[in-house]
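What follows is one structure encoded as structure tokens, with my remarks underneath.
Read-outs: derived from the displayed coordinates by stated rules, not from any lab. Keep in mind the model is a prediction, meaning the values are calculated, not measured. No Cβ is skipped: glycine too gets one built from the backbone with ideal geometry, and neighbour counts run over all protein chains shown.
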Amino acid sequence: MRIAVSSSPAMHPVICAITAGADFDDVVMLSTFHVWQGPNFEGDRPTQFAAFSAVKDEFMKAPYPAWTAVGTTALIPDTGIVEIQAIVHLKK
């Protein structure tokens with residue numbers, strides 16, 4: 001599925017940040033910004049959301065962090081279809 005393949009690289013910056021001393025269990029808030037319409041988007045909103053959720057579930061296990069998904073008209077770079085922001089709580 002094109003959307004799932006496109007979503008996987010979006011997790012790589014999150015993975016890099018997490019290797020700095022945290023892991024996905026330390027993510028307390030996840031915000032994702034999705035382009036629902038545009039030249040690089042194929043399918044519909046439910047299909048993209050389901051594909052992204054499946055990719056997220058490869059990296060994060062229950063109990064899941066709080067998650068806000070926002071639809072938007074564009075991202076930087078113009079070829080993007082999803083942007084991820086993760087807030088991590090590091091334990092002492």
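Of note:
- Subtracting the Cα-Cα distance of L90 and D78 from 0.36 nm times their residue separation leaves 1.0 nm of extension gain.
- Residues K92, K61, K56, arranged from fewest to most other Cβ atoms within 10 angstrom of their Cβ, appear as K92, K61, K56.
- For segment 81-86, putting each phi into the Karplus relation 6.51 cos²θ - 1.76 cosθ + 1.60 with θ = phi - 60° gives couplings of 10, 8, 10, 10, 10, 10 Hz, in residue order, rounded to whole numbers and with x for Gly and Pro.
- Anisotropy class of segment 16-92 from Cα gyration tensor, a/c 1.5 cut: prolate
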